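> The structure's right below; bear with me while I get my questions together.
The values are calculated or read from the model by the stated rules, or taken from the named source; none is laboratory data. Nothing here was measured: the structure is a model prediction, and the numbers come from that model. All Cβ positions, glycine included, derive from the backbone under ideal geometry; neighbour counts span all protein chains shown. SASA here: full protein model, heavy atoms, side chains in, ligands and nucleic acids out. Shrake-Rupley method; radii C 1.70, N 1.55, O 1.52, S 1.80 Å.
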Amino acid sequence: MQRSQTSFHADPNQVYQPAEDSFLLLKTAKSEVKPSDRVLEIGVGSGYVSSGLLSSCQLLVATDKNPHAATIAYASGVPVVRTNLAAGLRGPFDLILFNPPYLPTDPSERIDDWLELALDGGPSGRDVIIRFLQEIPSLLSSEGRVLLLISSLTGPEEVEDLVRKNGFVSTPVAEERVEGGEILLILRLTRC
Ligand code: SAM
């Protein structure tokens, strides 16, 4: 009996390509990571950030909901699970990284493709961040740290408020002004 195989062809045009936010996250993560760390990157995209950290930590696993991103990052050597945020994964992780979809997006502006998932943070820009903050307590080791990238467009004060409500303290550890005056920020979260 012959087994029929269907192969999935990943399309790079459906994957977020490394940009200023990716560069800032990798640079910050490199100065944060310790050799003993078990690292989780949520939303791996092309694999740029995780690839740059693989040799600096004890263990690294990444996730993405986008099958094109999961396939392309996996092919670049990053262990990837295709899932929603970290559903199905068990920690503890010592360092969690997330460059989330953070742009405020009106439902009428949505384009129905996989790349949209990289950008669309819902009307406030914080929809995915809210779900992320609810999930991390069960994944993070007691002394664990999170690096969360946000933008001035995401409402940094509102994000810091959400962080506090979920039992974390946040410290801004990196900042960069990009085109159009937008400011990218990296928050380092630890348990209160
Ligand atoms: N980490 C990459 C980088 O810095 O270049 C990609 C960042 S891109 C701004 C956001 C990534 O998060 C996209 O690859 C997107 O598919 C993924 N993503 C969005 N929502 C997600 C979810 N609910 N679960 C897993 N991944 C998600």
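> Collect the residues in the stretch 31-49 that are of a type in the set (D, E, K, R), away from the ligand (no atom under 11 Å from the Cβ) and under 14 Å from L148 (Cα atoms), keeping them in residue-number order. Break it down stepwise before answering.
So the first thing to find is which residues in the stretch 31-49 are of a type in the set (D, E, K, R), and the list is 32, 34, 37-38, 41.
Next cut, away from the ligand (no atom under 11 Å from the Cβ) only: 32, 34, 37-38.
The answer is E32, and nothing else.
> Further question on the same structure: Would you confirm, using the coordinates I've provided, whether L54 is within 13 Å of the ligand (Cβ to nearest atom) and modelled with pLDDT of 95 or more?
Details: within 13 Å of the ligand (Cβ to nearest atom): no; modelled with pLDDT of 95 or more: yes.
Criteria not met by L54.
> Anything in the stretch 13-44 that is over 24 Å from S138 (Cβ atoms) and either in contact with an Asp or Glu (Cβ under 7 Å, 6 or more places away or on another chain) or of a type in the set (D, E) (or both)? List them, or say none.
Result: Q14, E20, D21, L24.
> Pairs, please: C-beta under 9 Å, at least 6 apart or cross-chain, first residue open to solvent by 50 Å² or more (accessible area, probe 1.4 Å) and in the stretch 135-162, second in a strand (DSSP E or B) and at pLDDT below 95?
L153/L103
> Confirm whether I111 is of a type in the set (A, V, I, L, M, F, W, C), over 17 Å from Y16 (Cα atoms) and open to solvent by 20 Å² or more (accessible area, probe 1.4 Å).
no
> For N99, all conditions in the list (1) buried (at least 17 other Cβ atoms within 10 Å of the Cβ); (2) at pLDDT 95 or above; (3) of a type outside the set (D, E, K, R); (4) more than 14 Å from the chain's Cα centre (by Cα) hold save one; what is the number of the exception?
(4)
> Which condition number in (1) modelled with pLDDT of 95 or more; (2) at negative phi is the one that G88 fails?
Result: G88 fails condition (2) only.
> Only one residue in V39, V49 is outside any helix (DSSP H, G or I), at pLDDT 95 or above and crowded, with 23+ Cβ neighbours inside 10 Å. Which one? Break it down stepwise before answering.
Working: V49 fails: outside any helix (DSSP H, G or I).
The conditions single out V39.
> Just checking, does the stretch 102-124 include any residue being of a type in the set (V, I, T), within 14 Å of the ligand (Cβ to nearest atom) and in contact (Cβ under 8 Å) with a residue 40 or more places away in the chain? So that I can check it myself, show each step before the final result.
Taking the stretch 102-124 and keeping what is of a type in the set (V, I, T), we get 105, 111.
If we keep only those that are within 14 Å of the ligand (Cβ to nearest atom) as well, we get 105, 111.
Cutting the leftovers down to in contact (Cβ under 8 Å) with a residue 40 or more places away in the chain gives us none.
Taking every residue of the stretch 102-124 in turn, none turns out to be of a type in the set (V, I, T), within 14 Å of the ligand (Cβ to nearest atom) and in contact (Cβ under 8 Å) with a residue 40 or more places away in the chain.
> Something else about it: State the number of residues belonging to the stretch 74-104 that are out of contact with any helix residue (DSSP H, G or I) (no Cβ under 7 Å at 6 or more places or on another chain) and either in a strand (DSSP E or B) or closer than 16 Å to S50 by Cβ (or both).
Here the count works out to 8.
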